[in-house]
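Just below is one structure, and these are the notes that go with it.
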Amino acid sequence: MRLGLSAETYRWIAFPWMRTDTSKFRATGHYAPYTLSTAPPKLDAFVPDWLLARSVAHGLKVLTCDVGLLGDIVQARAFGQRCTAVGVELLGSVSLDLAAGPDAWDTASSTPDAARFDAEQASSLRTGWIGASEMAIASMAMTLAKAAGISTLSLVHGQPGRAHRYDSSEPVARQLDRMASNASSLVPEAAALELTLALEPHMDFRCVEFVRVIEAVGSSNLRLVFDVANPLSVNEDPLDAVVRAAPYTVATHLRDMRVQALTEIATGAFFHAPIGEGSVPLAEILQVLNDECPNAGQLPCCLKVVTRPEHDVEAWLMASVASVRENHAPYWSD
């Protein structure tokens with residue numbers, strides 16, 4: 001397995017629409033960090049280059065980010081070449097409403113020029129992708145991924161306002177059927193571009209439910225990204241989840257969450273934590289992935305160390321990198 005970095009780790013200091021040093025953020029009422037161990041990218045910087053430099057600084061061999069950050073096709077191709085030059089594999093993601101109905105999915109409007117990423121439209125609660133249809137966004141994302149030399153593109157459904165398994169307006173089975181239909185319509189283009197698409201449970205559905213979608217589509221071009229902490233948020237045991245997910249897993253996100261089973265207001269709660277300080281059974285999960293995941297020796301395992309905005313993300317990341325390297329050393333090939 002190979003350790004990597006998820007761009008989401010640096011969301012509060014790198015993403016233009018979420019940076020804590022902007023007046024827009026300060027107006028939200030959230031606390032800003034008083035101490036940062038690494039300087040944010042300059043406001044006019046090409047953010048992927050900054051993220052690549054952070055990956056190299058931590059000795060991480062994989063970088064995953066939303067392909068919308070890569071700019072246009074020429075920029076994406078050039079950045080992919082820079083990743084290759086320093087020995088870092090690039091993975092991509094795109095935000096899609098996978099449960100969209102026919103009008104919003106709209107296969108007739110799927111040309112790449114019918115969609116784009118606009119950072120001015122992005123926020124902490126919504127994607128910057130805009131387009132004539134969800135399929136058009138997917139097509140543009142696949143085109144950018146191919147240009148950048150990306151082989152795996154994650155499809156991220158989870159976002160406030162989109163359907164999820166606790167949405168009482170529609171049965172889960174019907175949502176999953178629509179996801180299977182929509183995902184299946186992407187497979188021919190992905191196959192032509194030699195891309196693997198990967199569903200990513202994102203605090204919206206259980207892994208076992210996305211596995212059903214993958215099995216319904218029945219294509220080797222549709223697989224899964226397994227986030228080791230996300231099952232907790234949908235009442236799914238992470239070990240049960242990884243057993244079902246491992247045969248289809250092409251990448252993982254490593255992070256941790258602390259579960260407080262009971263609070264004084266009689267509910268449970270989840271808290272982000274540096275890896276090794278939470279409730280995720282990482283050692284057991286890695287063993288299952290090692291035993292059951294195809295090509296486990298080369299499996300990308302990207303640290304997605306999520307903090308609240310007031311925390312020093314670099315300190316959390318450094319602690320997390322040290323934890324996975326010291327406590328799970330036998331799994332890493334780099």
Residue pairs qualifying under the 6 Å Cβ cut-off, at least six apart or on distinct chains, with the first in region 257-270 being farther than 11 Å from L232 by Cβ and without any contact (Cβ under 8 Å) to a residue 60 or more places away in the chain and the second being of a type in the set (A, V, I, L, M, F, W, C) and assigned to a strand (DSSP E or B), are Q260/A269; T263/A269
Going through region 139-165 one residue at a time, which ones are surrounded by fewer than 20 Cβ atoms within 10 Å (Cβ to Cβ), in contact with a helix residue (DSSP H, G or I) (Cβ under 9 Å, 6 or more places away or on another chain) and of a type outside the set (S, T, N, Q)? G149, G158, H164, R165
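Conditions tested, residue by residue: (1) assigned to a loop (DSSP other than H, G, I, E, B); (2) not hydroxyl-bearing (S, T, Y).
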| site | (1), (2) |
| --- | --- |
| K146 | no, yes |
| L153 | no, yes |
| R165 | yes, yes |
| S169 | yes, no |
| L199 | no, yes |
Tally, over region 294-323, of residues that are in contact with a strand residue (DSSP E or B) (Cβ under 6 Å, 6 or more places away or on another chain), surrounded by 22 or more Cβ atoms within 10 Å (Cβ to Cβ) and either on the phi > 0 side of the Ramachandran plot or among the hydrophobic types (A, V, I, L, M, F, W, C) (or both): 3
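Each row is one residue, and each column tells you yes or no for (1) in a helix (DSSP H, G or I); (2) modelled with pLDDT of 95 or more; (3) closer than 14 Å to S123 by Cα.
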{"residue": "L3", "(1), (2), (3)": "no, yes, no"}
{"residue": "Y10", "(1), (2), (3)": "yes, yes, no"}
{"residue": "W17", "(1), (2), (3)": "no, no, yes"}
{"residue": "Y31", "(1), (2), (3)": "no, no, no"}
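For the condition under 21 Å from S154 (Cβ atoms), in a helix (DSSP H, G or I) and small (G, A, S), what is the one hit in A283, A322, A251, A245?
Checking each option against the conditions leaves just A245.
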Going through region 31-83 one residue at a time, which ones are closer than 16 Å to L5 by Cα, of a type in the set (G, A, S) and crowded, with 16+ Cβ neighbours inside 10 Å? S55, G80
Among the residues of region 200-234, which ones are over 19 Å from A296 (Cβ atoms) and touching a Lys or Arg at 6+ places or on another chain (Cβ under 8 Å)? D204, F205, R206, V208, E209, A229, P231, V234
Where the second residue is β-branched (V, I, T) and surrounded by fewer than 22 Cβ atoms within 10 Å (Cβ to Cβ) and the first is within 17 Å of M318 (Cβ to Cβ) and lies in region 1-19, which pairs have Cβ atoms under 6 Å and are six or more apart or on separate chains? W12/T20; A14/V47
Counting only residues in region 212-271 that are crowded, with 20+ Cβ neighbours inside 10 Å and among the hydroxyl-bearing types (S, T, Y), the one nearest to L5 (Cα to Cα) is identified as T252
What about R77, is it touching a helix residue (DSSP H, G or I) at 6+ places or on another chain (Cβ under 8 Å), basic (K, R) and farther than 28 Å from G297 by Cβ? yes
How many residues of region 52-85 are assigned to a loop (DSSP other than H, G, I, E, B) and within 17 Å of the chain's Cα centre (by Cα)? The answer is 2
Restricting the first residue to region 36-65 and requiring it to be touching a residue at least 12 places away in the same chain (Cβ under 8 Å), which pairs with a second residue that is of a type in the set (K, R) and in a loop (DSSP other than H, G, I, E, B) meet a Cβ separation below 8 Å and a spacing of at least six or different chains? P40/R19; S55/K61
Looking at (1) touching a strand residue (DSSP E or B) at 6+ places or on another chain (Cβ under 7 Å); (2) assigned to a loop (DSSP other than H, G, I, E, B), find the lone condition where L262 falls short. (1)
Return the residues of region 226-248 that are over 20 Å from P294 (Cβ atoms) and in contact (Cβ under 8 Å) with a residue 60 or more places away in the chain; say none if nothing qualifies. V234
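Conditions tested, residue by residue: (1) over 23 Å from I13 (Cβ atoms); (2) among the charged types (D, E, K, R); (3) over 19 Å from the mean Cα position of the chain (by Cα); (4) at pLDDT 95 or above.
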site: L232; (1), (2), (3), (4): yes, no, no, no
site: V250; (1), (2), (3), (4): yes, no, no, yes
site: G276; (1), (2), (3), (4): no, no, yes, yes
site: L282; (1), (2), (3), (4): yes, no, no, yes
site: L299; (1), (2), (3), (4): yes, no, no, yes
site: C302; (1), (2), (3), (4): no, no, no, yes
Kindly indicate whether R26 is of a type in the set (K, R) and either surrounded by 17 or more Cβ atoms within 10 Å (Cβ to Cβ) or within 17 Å of the chain's Cα centre (by Cα) (or both). no
Here are some conditions: (1) surrounded by 23 or more Cβ atoms within 10 Å (Cβ to Cβ); (2) within 27 Å of Q287 (Cα to Cα); (3) not aliphatic (A, V, I, L, M). N182 meets all but one. Which one does it not meet? (2)
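The values are calculated or read from the model by the stated rules, or taken from the named source; none is laboratory data. Model, not experiment: these values are computed from the prediction. Heads up, the Cβs are rebuilt from the backbone with ideal geometry, glycines too, and the neighbour counts pull from every protein chain shown.
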